[in-house]
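Colleague: Starting off with a structure, shown below.
What follows draws every value from the coordinates through simple rules; no lab data is involved. Everything numeric in this text was worked out from a predicted model, so none of it was measured. Ideal geometry is used to build each Cβ from the backbone, glycine not excepted, and the neighbour counts take in all protein chains shown.
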Amino acid sequence: MSTESKTFGVKKPSFYIKIYGCQMNVYDSRMVASLFEWEGLEETDNPEDADIIVINTCSVREHAEQRALGRISDLQKLRREKPELVLVVIGCMAERLGDKIPGADFFIGPKSYDKLPEFTRKIVKGKCQISNFQFPKGCIPYPNPGRGVTAFLPVMRGCNNFCSYCIVPYVRGNAVSRKPDDVLSELRYLREKGVKEITLLGQSVNEYNFGEISFPELLRMIDREALGIRIRFLTSHPACMSDNLIDAIAECDSVCENIHLPIQSGSDRILKMMERRYTVDGYRYWVQRLRERIKNIALTTDIMVGFPTETEEDFEETLKIVREVRFDFAYMFMYSERKGTKAALFLDDVLLGVKKERLERLIELQNSITREKNEELLGREVEILIEGESRRDNLPTGKTRTGKKIIVKMQNAKVGKYVNVYVESISGWTGIGRARKRKNKRG
């Protein structure tokens with residue numbers, strides 16, 4: 001973490017945050033925003049108006065880092081016009097590259113986030129009068145969710161899995177579970193702020209463990225406090241699935257029938273090289289158990305193509321499991337070498353052209369399945385949470401409990417309201433329907 005300070009002008013202070021990467025980065029950015037606001041700064045949505053610009057970065061793939069570095073480079077022109085502008089880089093790239101990031105005045109990575117109050121004070125020093133209140137060591141105020149009705153809530157940080165391709169354990173540190181009481185306290189705070197849907201976050205969330213409290217038990221504790229709030233969680237590791245977790249999902253009314261379970265590859269050989277700690281048959285078993293126990297559950301996943309030594313046979317095994325499981329949605333991407341990981345030592349012998357061609361085939365297959373899965377909503381009545389307005393005719397829009405986007409043909413629907421919708425048509429991947437009197441809470 002850098003310690004240099006910088007003096008500001010006298011105009012009213014403001015800050016701007018640009019976010020790259022995962023949901024945890026979204027949460028962390030709101031945490032930083034809350035600290036700046038505590039010190040008297042105001043947030044702006046225009047970087048040209050800001051006195052402080054924060055870039056929250058991602059290192060999962062090289063492309064994400066290049067986007068952030070490109071943005072930082074572009075901001076140097078603005079800095080020449082505004083010499084007093086302060087550029088702050090946070091997130092995984094800040095942890096990985098540190099003071100090697102060109103043009104950054106301050107940087108801090110996830111391993112030092114317990115020092116964020118001290119860090120933000122160094123940034124605003126000279127900018128405005130700093131409050132006399134000192135946060136207890138390691139204590140950071142909960143991020144303000146703003147006017148939205150959805151929010152993220154981390155239940156753990158870091159990761160102990162060290163998949164051979166993944167940089168996350170190196171930049172976010174070892175897995176640390178939050179105290180259940182702290183999780184419940186933040187849930188109550190979000191409830192008081194009007195939040196109606198909370199996504200619990202963890203790099204491998206189903207590995208949560210605090211003393212004798214496992215993740216299934218934490219879900220049950222949260223369910224007792226949810227009181228009209230939907231609960232989602234991600235990301236789950238297939239090697240850490242259990243019947244206890246499946247039972248908790250089925251038993252807890254607040255927990256949505258939706259699970260994100262990355263498979264990464266359909267080849268046992270590749271999964272072993274990835275050090276994922278499960279087989280394809282093991283993955284099939286948990287899919288079967290989930291669908292037996294939880295009616296209409298939606299399954300989403302992550303799939304990587306072009307991992308070192310992946311053959312056409314390996315890739316065909318991936319297509320096979322995709323056809324078999326029929327995921328509701330998948331995040332699909334090419335392997336990206338990350339220096340410092342075990343896989344970076346492997347011979348990356350899959351040509352770029354081959355990787356692109358395989359990715360295109362995979363996307364075509366999965367997109368066709370996603371369309372078919374969404375068409376299953378036709379003629380069904382589902383519950384949605386109104387989150388805002390669609391770009392199409394400014395009609396209310398929201399998601400079902402299974403994460404499907406729906407547009408409602410009704411006027412004056414209040415954001416944060418639960419509405420039952422009869423789905424009449426599908427446009428692209430979006431359902432369109434009419435409001436019905438509420439009867440159920442599933443779909």
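Colleague: By how many nm would the segment from Glu43 to Asn412 lengthen if fully extended, with 0.36 nm per residue of separation less the alpha-carbon distance?
Modeller: 129.9 nm
Colleague: Counting only residues 5 or more places away or on other chains, whose amide H sits under 5 Å from the amide H of Phe107 once H atoms are built in the peptide plane?
Modeller: When sequence neighbours closer than 5 places are left aside, the close amide H contacts are Ser2, Val89.
Colleague: What are the semi-axes of the equivalent ellipsoid of segment 14-124, taken as the square roots of 5 times the eigenvalues of the Cα gyration tensor, listed largest first and rounded to whole Å?
Modeller: Semi-axes (√(5λ), whole Å): 19, 17, 12.
Colleague: How fast does segment 381-436 diffuse by Stokes-Einstein, in µm²/s, taking the Kirkwood radius from C-alpha pairs at 25 °C and 0.890 mPa s?
Modeller: Using the Kirkwood radius from Cα pairs, D works out to 231 µm²/s.
Colleague: Calculate how large, on average over all directions, the projected area of the Cα convex hull of segment 150-375 is; give the answer in nm² to one decimal.
Modeller: 12.6
Colleague: Treating only the Cβ atoms of Lys and Arg (+1) and Asp and Glu (-1) as charged, compute the dipole magnitude of segment 305-401 about its Cα centre; round to the nearest 20 debye.
Modeller: 320
Colleague: Taking neighbour Cβ counts within 10 Å as the exposure measure, how do Cys92, Cys159 sort from fewest upward?
Modeller: Cys159, Cys92
Colleague: With r defined as the distance between the Cβ atoms of Lys179 and Arg277 and R0 fixed at 30 Å, what FRET efficiency is calculated, to the nearest 0.05?
Modeller: FRET efficiency, Lys179 to Arg277: 0.65.
Colleague: What list do you get for Tyr418, Tyr27 if you sort them by fewest beta carbons within 10 Å?
Modeller: Ascending Cβ contact count within 10 Å gives the list Tyr418, Tyr27.
Colleague: Same structure, new question: How about segment 333-376: which trypsin sites (Lys or Arg not before Pro) there are in a DSSP loop, with at most 16 other Cβ atoms within 10 Å of their Cβ?
Modeller: Lys339
Colleague: While we're on this one: Longer than 25 Å from Cα to Cα, which of Lys18/Lys122; Lys355/Lys399; Lys320/Lys356 are they? Say none if no pair is.
Modeller: Over 25 Å Cα-Cα: Lys355/Lys399.
Colleague: Per residue of segment 380-395, in order, report the coupling 6.51 cos²θ - 1.76 cosθ + 1.60 (Karplus, θ = phi - 60°) as ³J(HN,Hα) in whole Hz, putting x for Gly and Pro.
Modeller: 9, 9, 10, 8, 10, 9, 5, 10, x, 10, 7, 6, 8, 6, 6, 7
Colleague: Can you tell which of Lys77, Lys122, Lys196 shows the greatest fluctuation in a Gaussian network model of the chain with Cα springs below 10 Å?
Modeller: Lys77
Colleague: Moving on. Using only the alpha-carbon atoms, what does the chain span along each of its principal axes? Please give whole angstrom values in decreasing order.
Modeller: 61, 58, 48
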